[in-house]
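A.B. asks: Before we start, here is the structure in question, set down as structure tokens.
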Amino acid sequence: MKEHYYLVREDILPEAVVKTLQVKQLLAAGEARTVHEAVTQVGLSRSAFYKYKDGIHQLNQIERESIVTISFDLEHRSGILSRVLALIAGSGGNVLTINQSIPLQGKANVVISVETSRLTEELDEMLQSLQSIPGVRRTQIVGQG
């Protein structure tokens with residue numbers, strides 16, 4: 001099931017949803033060490049926090065969470081990494097980091113972090129396209145956040 005997101009003004013949200021976000025902010029800032037401590041500070045039940053915690057995020061946090069780390073095994077031939085990077089850019093991905101091992105036995109491991117908030121296709125589709133590049137032996141998501 002595809003998730004849908006909406007931009008909603010805070011003043012029309014139910015109080016429990018707003019307080020859930022406040023709890024998450026207290027925990028992230030280290031101003032509360034436990035969920036119990038944070039919900040007590042804002043006046044929210046733990047059950048309400050757990051009900052809403054995965055569904056409410058600050059807008060700037062959603063942007064940060066759209067980073068995916070992909071590991072590749074590439075054949076040691078000229079131009080393969082260049083084609084991988086071109087496909088990512090052509091799909092709307094923004095390459096943040098690239099780490100490559102020294103090629104051994106004709107292949108190199110490359111790990112690329114990509115900011116995906118502007119992808120023009122689904123991540124799975126981009127991964128399939130990457131896998132179809134000649135010389136790309138394996139693609140795997142190793143981190144998403």
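The values are calculated or read from the model by the stated rules, or taken from the named source; none is laboratory data. None of the values given here were measured: they were computed from a predicted structure. Cβ: placed from backbone, ideal geometry, glycine included. Neighbour counts: every protein chain shown. Calculation scope for accessible area: heavy atoms of the full protein, side chains included, ligands and nucleic acids excluded. Shrake-Rupley method; radii C 1.70, N 1.55, O 1.52, S 1.80 Å.
A.B. asks: How big is the equivalent ellipsoid of the chain along its three axes, where each semi-axis is √(5λ) from the Cα gyration tensor, reported in whole Å from largest to smallest?
C.D. replies: 41, 17, 11
A.B. asks: Note the count of lysine pairs whose C-alpha atoms are less than 23 angstrom apart in the range 4-134, limited to pairs 8 or more residues apart or on different chains.
C.D. replies: Pairs that pass both the separation and distance tests number 4.
A.B. asks: Give me the extension gain from His4 to Glu75: residue separation times 0.36 nm, minus the current Cα-Cα distance, reported in nm with one decimal.
C.D. replies: Between His4 and Glu75, full extension yields 21.7 nm more.
A.B. asks: Treating the beta-carbon of each Lys and Arg as +1 and of each Asp and Glu as -1, no other charges, what is the dipole magnitude of the chain about its Cα centre, to the nearest 20 debye?
C.D. replies: Using Cβ point charges on Lys, Arg, Asp and Glu, the chain gives about 340 debye.
A.B. asks: Another question, if that's okay. Given 0.36 nm per residue, what is the gain on full extension from Arg138 to Asp11 after removing their alpha carbon distance, in nm?
C.D. replies: Answer, rounded to one decimal: 41.0 nm.
A.B. asks: Using the heavy atoms of the protein chains alone and a 1.4 angstrom probe, what is the accessible area of the chain per residue in square angstrom?
C.D. replies: Value returned for the chain: 66 Å² of accessible area per residue.
A.B. asks: Order the peptides 86-95, 28-37, 45-54 from the highest to the lowest mean number of other Cβ atoms within 10 Å of their residues.
C.D. replies: Working: 86-95: 15.9, 28-37: 11.7, 45-54: 14.1.
Top of the packing list down: 86-95, 45-54, 28-37.
A.B. asks: Here's another thing I want to ask about it. How many angstrom separate the Cα center of the range 77-100 from the Cα center of the range 4-74?
C.D. replies: When both Cα centres are located, 32 Å separates them.
A.B. asks: Still on this structure, please answer the following. Can you give the helix-only mean residue ellipticity at 222 nm for the chain, where every DSSP H stretch with n ≥ 4 adds -39500 (n - 2.57) and the sum goes over all residues, rounded to the nearest 500 deg cm²/dmol? Mind showing how you got there, number by number?
C.D. replies: Details: 6 runs with 56 residues, N = 145.
-11000 deg cm²/dmol, from helical runs alone.
A.B. asks: Under a point spin-label approximation (7 Å from Cα along Cα-to-Cβ), what is the Ala28-Asn99 distance to one decimal in nm?
C.D. replies: Label at Ala28, label at Asn99, 2.4 nm between them.
A.B. asks: Continuing with the same structure: Please give the FRET efficiency for Thr40 paired with Leu87, using the beta carbon to beta carbon distance and R0 = 41 Å, rounded to the nearest 0.05.
C.D. replies: Computed FRET efficiency for Thr40 and Leu87: 0.25.
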